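In what follows, a structure is listed as C-alpha coordinates, so that the remarks can point back to it.
The values are calculated or read from the model by the stated rules, or taken from the named source; none is laboratory data. Values in this document were obtained by computation on a predicted structure and should not be read as measured data. Every residue, glycine as well, gets a Cβ built from its backbone with ideal geometry; the counts of neighbours run over all protein chains shown. Protein only, heavy atoms only, side chains kept; ligands, DNA and RNA dropped before computing areas. Shrake-Rupley method; radii C 1.70, N 1.55, O 1.52, S 1.80 Å.
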Amino acid sequence: MVPFRLPFFITLFTTLAESVHLPAPTGPYGVGFTQHVFNHTTPNDPTPGPGSVLLISIYYPTLSAPSPNTSVPYFDPTSATIWGEVFNIAPKDLLSIETVLQWQAPILTPEEAKTVKDLPTLIFGPGGGVNAIMYTTLLSDLASKGYLVLAIDHPGEAPYLPLPYNNSGITGWDIYMPYSDELIQQIYEFRLSDILFLVSEGFPALVRQFGAYFNTRTYGAFGHSMGAAQATGAMDRFSSIIAGINIDGGLFGDSVDAKLNGRPYLMTMNPAHFASDTTWPGFIERYAEEARGTGKGWIDWTTVVGSAHLALSDIPLWVELLPKGNGTAPVPALGNVTGVRTNEYMRTYFGAFWDWVSGGAYDEVLEGEVEEWPEVVFNGTVRPDGYATQDD
(Lines give C-alpha, C1' and ligand atoms only; values in the text may rest on other atoms or scores of the structure.)
Protein backbone atom coordinates (compact mmCIF):
# COMPACT_ATOMS: atom_id res chain seq x y z
CA MET A 1 0.00 0.00 0.00
CA VAL A 2 3.02 2.28 0.30
CA PRO A 3 6.36 2.38 -1.53
CA PHE A 4 8.60 -0.48 -0.43
CA ARG A 5 11.17 0.82 2.05
CA LEU A 6 12.50 -1.40 4.77
CA PRO A 7 12.46 0.03 8.30
CA PHE A 8 15.97 0.91 9.43
CA PHE A 9 15.99 -1.78 12.08
CA ILE A 10 15.44 -4.74 9.70
CA THR A 11 19.05 -4.51 8.56
CA LEU A 12 20.21 -4.41 12.17
CA PHE A 13 18.12 -7.45 12.99
CA THR A 14 19.97 -9.62 10.48
CA THR A 15 23.17 -9.29 12.52
CA LEU A 16 21.67 -10.69 15.73
CA ALA A 17 22.10 -14.17 17.18
CA GLU A 18 19.65 -17.06 17.16
CA SER A 19 16.03 -15.95 16.98
CA VAL A 20 13.18 -16.71 19.37
CA HIS A 21 9.79 -17.33 17.78
CA LEU A 22 6.42 -16.19 19.06
CA PRO A 23 3.58 -18.74 18.77
CA ALA A 24 2.72 -19.27 15.11
CA PRO A 25 -0.62 -17.96 13.79
CA THR A 26 -3.36 -20.54 13.36
CA GLY A 27 -5.10 -19.27 10.21
CA PRO A 28 -4.58 -20.30 6.58
CA TYR A 29 -2.96 -17.02 5.45
CA GLY A 30 0.43 -15.47 5.85
CA VAL A 31 0.53 -12.10 7.61
CA GLY A 32 1.51 -8.91 5.84
CA PHE A 33 2.42 -5.79 7.79
CA THR A 34 2.78 -2.13 6.98
CA GLN A 35 2.46 1.17 8.81
CA HIS A 36 1.07 4.58 7.99
CA VAL A 37 1.65 7.92 9.66
CA PHE A 38 -1.45 10.11 9.46
CA ASN A 39 -1.46 13.85 9.88
CA HIS A 40 -3.94 14.20 12.73
CA THR A 41 -3.99 17.01 15.25
CA THR A 42 -4.86 16.13 18.84
CA PRO A 43 -6.37 19.13 20.66
CA ASN A 44 -4.63 19.85 23.97
CA ASP A 45 -2.38 16.80 23.70
CA PRO A 46 -0.88 16.27 27.20
CA THR A 47 1.89 13.92 26.02
CA PRO A 48 5.46 14.91 25.07
CA GLY A 49 4.62 13.88 21.49
CA PRO A 50 4.04 16.35 18.64
CA GLY A 51 0.24 16.14 18.83
CA SER A 52 0.05 16.29 15.06
CA VAL A 53 0.55 12.70 13.87
CA LEU A 54 -0.95 9.26 14.46
CA LEU A 55 0.68 5.89 13.74
CA ILE A 56 -1.38 2.98 12.44
CA SER A 57 0.06 -0.52 12.12
CA ILE A 58 -1.79 -2.65 9.57
CA TYR A 59 -1.88 -6.45 9.81
CA TYR A 60 -3.44 -8.15 6.79
CA PRO A 61 -3.76 -11.57 5.13
CA THR A 62 -1.35 -12.43 2.34
CA LEU A 63 -0.51 -15.50 0.27
CA SER A 64 3.21 -14.78 0.57
CA ALA A 65 5.29 -17.19 2.60
CA PRO A 66 7.53 -15.82 5.36
CA SER A 67 10.96 -14.69 4.19
CA PRO A 68 13.98 -13.76 6.33
CA ASN A 69 14.63 -10.78 4.05
CA THR A 70 11.25 -9.17 4.67
CA SER A 71 10.33 -10.37 8.17
CA VAL A 72 9.57 -7.55 10.59
CA PRO A 73 11.54 -7.66 13.86
CA TYR A 74 9.55 -7.38 17.03
CA PHE A 75 11.62 -4.74 18.82
CA ASP A 76 13.73 -1.74 17.90
CA PRO A 77 16.92 -1.22 19.97
CA THR A 78 15.61 1.75 21.98
CA SER A 79 12.41 -0.02 23.03
CA ALA A 80 14.32 -3.20 23.84
CA THR A 81 16.52 -1.26 26.25
CA ILE A 82 13.56 0.43 27.95
CA TRP A 83 11.41 -2.68 28.37
CA GLY A 84 14.34 -4.96 29.10
CA GLU A 85 15.08 -2.91 32.21
CA VAL A 86 11.47 -3.18 33.39
CA PHE A 87 11.29 -6.96 33.07
CA ASN A 88 14.93 -7.77 33.80
CA ILE A 89 15.60 -9.10 30.30
CA ALA A 90 18.75 -8.29 28.33
CA PRO A 91 17.99 -6.02 25.34
CA LYS A 92 19.83 -8.41 23.02
CA ASP A 93 17.41 -11.16 24.02
CA LEU A 94 14.37 -8.97 23.36
CA LEU A 95 15.87 -8.09 19.98
CA SER A 96 16.09 -11.80 19.18
CA ILE A 97 12.27 -12.14 19.08
CA GLU A 98 11.21 -12.89 15.53
CA THR A 99 7.74 -12.35 14.07
CA VAL A 100 5.94 -13.90 11.10
CA LEU A 101 5.03 -10.41 9.85
CA GLN A 102 6.06 -9.80 6.25
CA TRP A 103 6.87 -6.19 5.51
CA GLN A 104 4.55 -4.91 2.79
CA ALA A 105 3.82 -8.35 1.39
CA PRO A 106 1.35 -8.30 -1.53
CA ILE A 107 -2.28 -7.91 -0.50
CA LEU A 108 -4.87 -10.35 -1.80
CA THR A 109 -6.23 -9.73 -5.27
CA PRO A 110 -9.98 -9.14 -5.62
CA GLU A 111 -10.40 -12.77 -6.67
CA GLU A 112 -8.28 -14.08 -3.76
CA ALA A 113 -10.12 -11.81 -1.32
CA LYS A 114 -13.65 -12.98 -2.22
CA THR A 115 -14.10 -14.93 1.01
CA VAL A 116 -12.61 -12.27 3.33
CA LYS A 117 -13.42 -8.90 1.77
CA ASP A 118 -16.66 -8.53 3.73
CA LEU A 119 -15.15 -9.37 7.12
CA PRO A 120 -15.25 -6.35 9.44
CA THR A 121 -12.07 -4.33 9.71
CA LEU A 122 -10.86 -4.76 13.29
CA ILE A 123 -9.47 -1.72 15.14
CA PHE A 124 -7.29 -2.35 18.19
CA GLY A 125 -6.16 -0.03 20.99
CA PRO A 126 -3.24 -1.09 23.24
CA GLY A 127 -3.07 -0.59 26.97
CA GLY A 128 -2.02 2.77 28.37
CA GLY A 129 1.68 3.52 27.97
CA VAL A 130 2.54 0.46 25.85
CA ASN A 131 3.03 -0.05 22.13
CA ALA A 132 0.62 -1.90 19.86
CA ILE A 133 3.43 -4.21 18.72
CA MET A 134 3.20 -5.83 22.18
CA TYR A 135 0.03 -7.62 21.04
CA THR A 136 1.50 -9.05 17.86
CA THR A 137 0.64 -12.67 18.69
CA LEU A 138 -3.09 -11.93 18.88
CA LEU A 139 -3.22 -9.41 16.03
CA SER A 140 -1.22 -11.53 13.61
CA ASP A 141 -3.41 -14.55 14.39
CA LEU A 142 -6.54 -12.59 13.46
CA ALA A 143 -4.89 -11.43 10.23
CA SER A 144 -3.95 -15.04 9.41
CA LYS A 145 -7.68 -15.85 9.54
CA GLY A 146 -8.46 -13.21 6.91
CA TYR A 147 -9.14 -10.11 9.01
CA LEU A 148 -7.63 -6.70 8.40
CA VAL A 149 -6.42 -5.35 11.75
CA LEU A 150 -5.57 -1.70 12.42
CA ALA A 151 -3.60 -1.07 15.62
CA ILE A 152 -3.39 2.51 16.91
CA ASP A 153 -0.35 4.09 18.55
CA HIS A 154 -0.58 7.63 19.91
CA PRO A 155 2.92 9.17 19.66
CA GLY A 156 4.14 10.45 23.01
CA GLU A 157 2.10 8.12 25.21
CA ALA A 158 4.48 5.14 25.31
CA PRO A 159 8.09 5.69 26.47
CA TYR A 160 9.30 5.36 22.88
CA LEU A 161 7.56 4.84 19.55
CA PRO A 162 9.64 4.03 16.45
CA LEU A 163 8.26 5.49 13.24
CA PRO A 164 8.67 3.92 9.78
CA TYR A 165 10.34 5.21 6.61
CA ASN A 166 13.44 6.62 8.33
CA ASN A 167 11.46 9.04 10.47
CA SER A 168 12.85 9.72 13.92
CA GLY A 169 11.18 7.84 16.76
CA ILE A 170 9.18 9.74 19.38
CA THR A 171 10.08 9.78 23.06
CA GLY A 172 7.08 9.79 25.36
CA TRP A 173 6.20 9.71 29.02
CA ASP A 174 8.54 8.02 31.47
CA ILE A 175 7.54 4.42 31.96
CA TYR A 176 7.15 4.86 35.73
CA MET A 177 5.13 8.08 35.55
CA PRO A 178 2.08 8.06 37.88
CA TYR A 179 -1.33 8.59 36.30
CA SER A 180 -3.73 10.96 38.02
CA ASP A 181 -7.49 10.74 37.49
CA GLU A 182 -7.30 13.95 35.45
CA LEU A 183 -4.59 12.56 33.20
CA ILE A 184 -6.48 9.29 32.68
CA GLN A 185 -9.46 11.31 31.49
CA GLN A 186 -7.20 13.26 29.10
CA ILE A 187 -5.76 10.00 27.75
CA TYR A 188 -9.24 8.66 27.13
CA GLU A 189 -10.19 11.84 25.27
CA PHE A 190 -7.20 11.78 22.92
CA ARG A 191 -7.54 8.03 22.41
CA LEU A 192 -11.19 8.53 21.45
CA SER A 193 -10.20 11.36 19.10
CA ASP A 194 -7.72 9.01 17.42
CA ILE A 195 -10.18 6.20 16.70
CA LEU A 196 -12.96 8.58 15.63
CA PHE A 197 -10.60 10.16 13.10
CA LEU A 198 -9.49 6.77 11.85
CA VAL A 199 -13.02 5.47 11.21
CA SER A 200 -14.55 8.67 9.85
CA GLU A 201 -11.69 10.04 7.76
CA GLY A 202 -8.24 8.53 7.90
CA PHE A 203 -8.73 4.90 6.98
CA PRO A 204 -11.40 5.37 4.25
CA ALA A 205 -9.19 7.99 2.57
CA LEU A 206 -6.18 5.66 2.73
CA VAL A 207 -8.13 2.80 1.14
CA ARG A 208 -9.40 5.09 -1.63
CA GLN A 209 -5.85 6.26 -2.27
CA PHE A 210 -4.47 2.77 -2.78
CA GLY A 211 -7.55 1.06 -4.20
CA ALA A 212 -7.37 -1.89 -1.79
CA TYR A 213 -10.26 -4.29 -1.19
CA PHE A 214 -10.29 -3.46 2.55
CA ASN A 215 -13.69 -3.06 4.21
CA THR A 216 -14.60 0.51 5.20
CA ARG A 217 -18.31 -0.22 5.76
CA THR A 218 -18.22 -2.37 8.91
CA TYR A 219 -15.79 -2.49 11.79
CA GLY A 220 -15.08 -4.29 15.03
CA ALA A 221 -13.41 -2.44 17.90
CA PHE A 222 -11.39 -3.96 20.72
CA GLY A 223 -8.63 -3.08 23.09
CA HIS A 224 -6.73 -3.80 26.27
CA SER A 225 -7.03 -1.58 29.34
CA MET A 226 -7.39 2.03 28.11
CA GLY A 227 -7.75 0.65 24.58
CA ALA A 228 -11.01 -0.99 25.70
CA ALA A 229 -12.50 2.33 26.79
CA GLN A 230 -11.37 3.81 23.48
CA ALA A 231 -13.17 1.04 21.58
CA THR A 232 -16.33 1.33 23.69
CA GLY A 233 -16.55 5.09 23.26
CA ALA A 234 -16.22 4.64 19.51
CA MET A 235 -19.05 2.09 19.48
CA ASP A 236 -21.27 4.75 21.04
CA ARG A 237 -20.54 7.05 18.08
CA PHE A 238 -20.55 4.68 15.11
CA SER A 239 -23.21 2.11 14.27
CA SER A 240 -20.76 0.78 11.67
CA ILE A 241 -18.82 -0.79 14.57
CA ILE A 242 -20.81 -4.01 14.84
CA ALA A 243 -19.22 -5.52 17.97
CA GLY A 244 -16.54 -4.95 20.60
CA ILE A 245 -14.18 -6.69 23.03
CA ASN A 246 -13.10 -5.23 26.37
CA ILE A 247 -9.84 -6.83 27.51
CA ASP A 248 -9.48 -6.02 31.22
CA GLY A 249 -10.20 -2.35 30.69
CA GLY A 250 -11.84 0.20 32.94
CA LEU A 251 -14.42 2.49 31.38
CA PHE A 252 -13.61 6.19 31.51
CA GLY A 253 -15.32 9.39 30.51
CA ASP A 254 -18.45 8.91 28.47
CA SER A 255 -17.57 5.30 27.62
CA VAL A 256 -19.17 4.39 30.97
CA ASP A 257 -22.59 5.30 29.53
CA ALA A 258 -22.00 4.09 25.98
CA LYS A 259 -25.14 2.87 24.25
CA LEU A 260 -24.37 -0.25 22.25
CA ASN A 261 -27.95 -0.93 21.04
CA GLY A 262 -27.65 -4.67 21.47
CA ARG A 263 -24.37 -5.10 19.61
CA PRO A 264 -22.29 -8.05 20.89
CA TYR A 265 -19.70 -7.17 23.52
CA LEU A 266 -17.21 -9.60 25.09
CA MET A 267 -15.66 -8.65 28.45
CA THR A 268 -12.73 -10.53 30.00
CA MET A 269 -10.81 -9.60 33.13
CA ASN A 270 -8.18 -10.73 35.60
CA PRO A 271 -9.32 -11.71 39.13
CA ALA A 272 -8.05 -8.44 40.66
CA HIS A 273 -9.77 -6.19 38.12
CA PHE A 274 -12.11 -4.57 40.63
CA ALA A 275 -9.20 -3.39 42.76
CA SER A 276 -8.72 -0.61 40.20
CA ASP A 277 -12.06 -0.42 38.38
CA THR A 278 -15.69 -0.96 39.40
CA THR A 279 -17.48 0.26 36.26
CA TRP A 280 -18.38 -3.11 34.76
CA PRO A 281 -21.46 -4.18 36.80
CA GLY A 282 -23.26 -0.87 36.22
CA PHE A 283 -22.38 -0.94 32.52
CA ILE A 284 -23.78 -4.46 32.19
CA GLU A 285 -26.97 -3.58 34.08
CA ARG A 286 -27.64 -0.65 31.75
CA TYR A 287 -26.94 -2.83 28.70
CA ALA A 288 -29.24 -5.57 30.06
CA GLU A 289 -32.07 -3.11 30.67
CA GLU A 290 -31.71 -1.92 27.10
CA ALA A 291 -31.74 -5.56 25.90
CA ARG A 292 -34.97 -6.27 27.74
CA GLY A 293 -36.56 -3.30 26.01
CA THR A 294 -35.29 -3.94 22.49
CA GLY A 295 -35.24 -7.75 22.46
CA LYS A 296 -31.61 -7.91 21.31
CA GLY A 297 -28.33 -8.08 23.13
CA TRP A 298 -25.30 -10.28 23.82
CA ILE A 299 -22.57 -9.95 26.46
CA ASP A 300 -20.19 -12.51 27.91
CA TRP A 301 -18.32 -11.49 31.07
CA THR A 302 -15.46 -13.83 31.93
CA THR A 303 -12.53 -14.00 34.35
CA VAL A 304 -9.26 -15.74 33.50
CA VAL A 305 -8.25 -17.29 36.82
CA GLY A 306 -4.54 -16.89 37.57
CA SER A 307 -4.02 -14.04 35.16
CA ALA A 308 -3.04 -10.44 35.89
CA HIS A 309 -3.45 -7.22 33.96
CA LEU A 310 -0.36 -7.41 31.74
CA ALA A 311 -0.86 -11.14 31.13
CA LEU A 312 -3.38 -10.23 28.43
CA SER A 313 -0.63 -9.12 26.04
CA ASP A 314 2.59 -10.55 24.58
CA ILE A 315 4.60 -9.53 27.63
CA PRO A 316 4.35 -12.84 29.53
CA LEU A 317 5.72 -14.54 26.42
CA TRP A 318 8.90 -12.48 26.70
CA VAL A 319 9.37 -13.59 30.29
CA GLU A 320 8.54 -17.19 29.46
CA LEU A 321 10.61 -17.57 26.30
CA LEU A 322 13.67 -15.47 27.15
CA PRO A 323 16.29 -15.77 29.91
CA LYS A 324 15.89 -13.38 32.84
CA GLY A 325 18.78 -11.71 34.60
CA ASN A 326 19.56 -12.51 38.22
CA GLY A 327 17.13 -15.40 38.60
CA THR A 328 13.59 -16.12 37.51
CA ALA A 329 11.41 -14.45 40.13
CA PRO A 330 7.79 -14.07 38.89
CA VAL A 331 6.50 -10.69 37.75
CA PRO A 332 3.32 -9.89 39.77
CA ALA A 333 1.63 -8.01 36.95
CA LEU A 334 1.77 -11.16 34.79
CA GLY A 335 0.00 -13.57 37.15
CA ASN A 336 0.77 -17.28 37.29
CA VAL A 337 -0.78 -18.48 34.01
CA THR A 338 1.84 -19.09 31.35
CA GLY A 339 2.18 -16.66 28.47
CA VAL A 340 1.62 -19.39 25.90
CA ARG A 341 -1.60 -20.46 27.63
CA THR A 342 -2.94 -16.91 28.02
CA ASN A 343 -2.26 -16.08 24.40
CA GLU A 344 -3.92 -19.33 23.33
CA TYR A 345 -6.95 -18.27 25.36
CA MET A 346 -7.14 -14.88 23.65
CA ARG A 347 -6.73 -16.34 20.20
CA THR A 348 -9.36 -19.01 20.89
CA TYR A 349 -12.06 -16.86 22.54
CA PHE A 350 -11.54 -13.63 20.65
CA GLY A 351 -11.16 -15.46 17.35
CA ALA A 352 -14.41 -17.36 18.01
CA PHE A 353 -16.15 -14.08 18.85
CA TRP A 354 -15.06 -12.25 15.70
CA ASP A 355 -15.85 -15.27 13.53
CA TRP A 356 -19.37 -15.45 14.98
CA VAL A 357 -20.19 -11.73 14.64
CA SER A 358 -18.84 -11.92 11.09
CA GLY A 359 -21.43 -14.55 10.18
CA GLY A 360 -19.62 -17.76 11.10
CA ALA A 361 -20.63 -20.62 13.38
CA TYR A 362 -21.30 -20.07 17.08
CA ASP A 363 -18.52 -21.77 19.07
CA GLU A 364 -19.35 -23.42 22.39
CA VAL A 365 -16.67 -21.41 24.20
CA LEU A 366 -18.91 -18.36 23.80
CA GLU A 367 -21.80 -19.89 25.71
CA GLY A 368 -20.33 -21.12 28.98
CA GLU A 369 -17.53 -22.86 30.80
CA VAL A 370 -15.92 -25.72 28.89
CA GLU A 371 -13.71 -28.56 30.10
CA GLU A 372 -10.63 -27.60 28.07
CA TRP A 373 -10.58 -24.09 29.58
CA PRO A 374 -11.03 -24.58 33.35
CA GLU A 375 -9.39 -21.23 34.10
CA VAL A 376 -12.09 -19.32 32.19
CA VAL A 377 -14.98 -18.54 34.56
CA PHE A 378 -18.25 -16.96 33.38
CA ASN A 379 -19.38 -14.25 35.78
CA GLY A 380 -22.49 -13.33 33.85
CA THR A 381 -24.14 -13.08 30.48
CA VAL A 382 -26.60 -10.75 28.80
CA ARG A 383 -28.99 -12.08 26.20
CA PRO A 384 -32.19 -10.50 24.78
CA ASP A 385 -34.16 -11.36 27.93
CA GLY A 386 -31.70 -9.65 30.28
CA TYR A 387 -28.80 -10.32 32.60
CA ALA A 388 -27.94 -13.63 34.29
CA THR A 389 -25.09 -14.22 36.73
CA GLN A 390 -23.21 -17.44 37.23
CA ASP A 391 -25.25 -18.16 40.39
CA ASP A 392 -28.66 -17.78 38.69
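Just one of the numbered conditions (1) modelled with pLDDT of 95 or more; (2) out of contact with any helix residue (DSSP H, G or I) (no Cβ under 7 Å at 6 or more places or on another chain); (3) closer than 20 Å to P66 by Cβ is not true of P155: (3).
If I ask for residues that are in contact with a helix residue (DSSP H, G or I) (Cβ under 7 Å, 6 or more places away or on another chain) and of a type outside the set (V, I, T), which ones from the range 184-223 would you list? Selection gives Q185, Y188, E189, R191, L192, L196, F214, Y219, G220, A221, F222, G223. Against the list (1) modelled with pLDDT of 95 or more; (2) in a helix (DSSP H, G or I), the condition E85 fails is (1).
Residue by residue through the range 150-203, note down the ones that are hydroxyl-bearing (S, T, Y) and at positive phi. If you could, list the steps in order and put the result at the bottom.
Step one: list which residues in the range 150-203 are hydroxyl-bearing (S, T, Y), which gives 160, 165, 168, 171, 176, 179-180, 188, 193, 200.
If the condition is that a residue be hydroxyl-bearing (S, T, Y) and at positive phi, then Y165 is the only one that fits.
For every residue, the table says whether it meets (1) part of a loop (DSSP other than H, G, I, E, B); (2) within 28 Å of K145 (Cβ to Cβ); (3) open to solvent by less than 10 Å² (accessible area, probe 1.4 Å); (4) of a type in the set (G, A, S).
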{"residue": "T41", "(1), (2), (3), (4)": "yes, no, no, no"}
{"residue": "P50", "(1), (2), (3), (4)": "yes, no, no, no"}
{"residue": "L54", "(1), (2), (3), (4)": "no, yes, yes, no"}
{"residue": "Y59", "(1), (2), (3), (4)": "no, yes, yes, no"}
{"residue": "A65", "(1), (2), (3), (4)": "yes, yes, no, yes"}
{"residue": "K92", "(1), (2), (3), (4)": "no, no, no, no"}
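Residues in the range 162-221 that are in a helix (DSSP H, G or I), among the charged types (D, E, K, R) and under 19 Å from I242 (Cα atoms): D194, E201. Regarding E189, is this residue in contact (Cβ under 8 Å) with a residue 60 or more places away in the chain, under 20 Å from the mean Cα position of the chain (by Cα) and open to solvent by 60 Å² or more (accessible area, probe 1.4 Å)? It is true that E189 is in contact (Cβ under 8 Å) with a residue 60 or more places away in the chain, under 20 Å from the mean Cα position of the chain (by Cα) and open to solvent by 60 Å² or more (accessible area, probe 1.4 Å). Annotation: of all residues in the range 247-276 being closer than 20 Å to L334 by Cβ and within 20 Å of the chain's Cα centre (by Cα), the one that is surrounded by the fewest Cβ atoms within 10 Å (Cβ to Cβ) is H273. Condition test on T121, is it open to solvent by 10 Å² or more (accessible area, probe 1.4 Å) and modelled with pLDDT of 95 or more? In short, no. Which residues, counting only those in the range 237-295, are outside any loop (DSSP other than H, G, I, E, B), among the acidic types (D, E) and in contact with a helix residue (DSSP H, G or I) (Cβ under 8 Å, 6 or more places away or on another chain)? Result: D254, D257.
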